[in-house]
Amino acid sequence: MAEGLLAGKRGVVFGVANEKSIAWGCAQACAAQGASLAFNYLGETLERRVRKLVDEFLPGAPVFDCNVQKDDEIASFFASVKKEWDTIDFVIHSVAYADREDLKDQYITTPRANFALALDISAYSLVALAREAAPMMPNGGSIVAMTYYGAEKVVPRYNVMGVAKAALECSARYLANDLGPKGIRVNCISAGPIRTLSASAIAGMRGMLTVAEKVTPMRRNVTQTDVGQTTVYLLSDFSTAVTGEVIHVDSGYHVMGLFGFEGPAE
C-alpha cells in the first residue's frame, strides 16, 4: 500500500510543458507522497514532451489532450479520466498565457483581443475546469491554482498577466464559496519568480530573479520543489479547513517594501 500524505488520492495536473514547469514540480511532489496522477497536453509538440516525462518518471499515468479554451475538450478530458477512475480528489491548475509582445512594453498598449485571450486562458480556465471536476469529487477535494505577486502589486512588464492573475485569485475565492458546501476547497499559491518556459516570455526575467535573491528575507529564490511541497499541503488532509487563500511561496518577497533602503546610518 502506498504511503505518504496523498496516499490513495487521485488528481489531475494541467500545465506541464517540460521538466522545468511548476506543474511538473508539483506532480513530482504529489507522486512522492503517494498520489496517482493524470495529465493534459496541448498539441503534438507538448504531447511528446509530457509523455516522455510521464514514461520516465510516472509510467502508466494517463495523459489526455485538452485545450482549456474549449469546453468540449475539457468535458472530453474529464470523461476520459472517469474511464480510469470513478472519482478524483484534486486538480492542479498551472495554466497561463499572454502574448509575448504584451509583456515587453506598457500595460496601456494591450490590444482588446490579447486582453481577452490572456483572461480566458489564465483565469476563466480555472472556472471551466472546476465546473467539470466538481462532479467527480463527491467526497470533497482540493483545487490549487498558481498565481504571482504581480496580481497584487505592479510588476514592470508583467502587464496583462498581472490583471489575469488578479482575476484568477478572485475567481478562486468565488469558487471556494460555490464549492465549499460540497467539501471542495480552492486555493492559490503565489510563487516567487522561477525560470520556466512561460516565464521566459517576460522581458527582464533574469533581473527579477537577481533582485528577488538579494531582497527576500530568506535571500534566495524559490524552486519548483518549494511550490510542489506547499501544493502537497493544500491537497492533503492537513489543510482541510483552508480555502479561498493565496499562500505566498516566495521566500518572503511579498512582505518587503522600499527595496535597497538600509535604514538611517548610526
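The values are calculated or read from the model by the stated rules, or taken from the named source; none is laboratory data. Quantities reported herein were computed from a predicted structural model and do not represent experimental measurements. Methodologically, a virtual Cβ is constructed for each residue, glycine included, from the backbone with ideal geometry; neighbour enumeration extends over all protein chains shown. These accessible areas exclude ligands, DNA and RNA; they are computed on the full protein's heavy atoms, side chains included. Shrake-Rupley method; radii C 1.70, N 1.55, O 1.52, S 1.80 Å.
Before moving on, here are some points about what is shown:
- Report summary: the helix-based calculation at 222 nm, which adds -39500 (n - 2.57) for every DSSP H run with n ≥ 4 and divides by the residues of the chain, gives -12000 deg cm²/dmol.
- Of the labelled figures (i) 1.00; (ii) 0.93; (iii) 1.62, only one reflects Cα Rg over 2.2 N^0.38 Å as derived from the coordinates, namely (i).
- Distance in nm between pseudo-label sites at Asp178 and Ser80 (7 Å out along the Cβ direction from Cα): 2.4
- Once you reduce the range 17-45 and the range 123-141 to the center of their Cα atoms, the two points are 18 Å from each other.
- Extension gain, Arg112 back to Asn18 (0.36 nm per residue minus Cα-Cα distance, nm): 30.8 nm
- Model label points for Cys170 and Glu56, set 7 angstrom from Cα along the Cα-to-Cβ axis, are 4.1 nm apart.
- Tensor-based shape of the range 9-87 (alpha-carbon gyration tensor, a/c under 1.5 rounded, otherwise prolate or oblate): oblate
- Within the listed set Gly228, Gly207, Gly180, the Gaussian network model of the chain (springs between alpha-carbon atoms below 10 Å) gives the highest mean-square fluctuation for Gly207.
- The angle between the Cα long axis of helix 43-57 and the main principal axis of the chain comes to about 80°, on a 0 to 90 degree scale.
- Working from label points 7 Å from Cα in the Cα-to-Cβ sense, the Thr225 to Thr87 distance is 3.4 nm.
- Relative to the Cα centre, the charge distribution of the range 57-145, modelled as +1 at Lys and Arg Cβ and -1 at Asp and Glu Cβ, gives a dipole magnitude of about 80 debye.
- Principal-axis tilt of helix 205-215 within the chain, Cα atoms, nearest 10 degrees: 70
- Between 0 and 90°, nearest 10: helix 224-235 axis offset from the chain longest Cα axis: 50
- When the range 46-168 is reduced to its Cα atoms, the Kirkwood hydrodynamic radius in Å: 16.0
- Accessible surface, the chain, averaged per residue in Å² (probe 1.4 Å): 49
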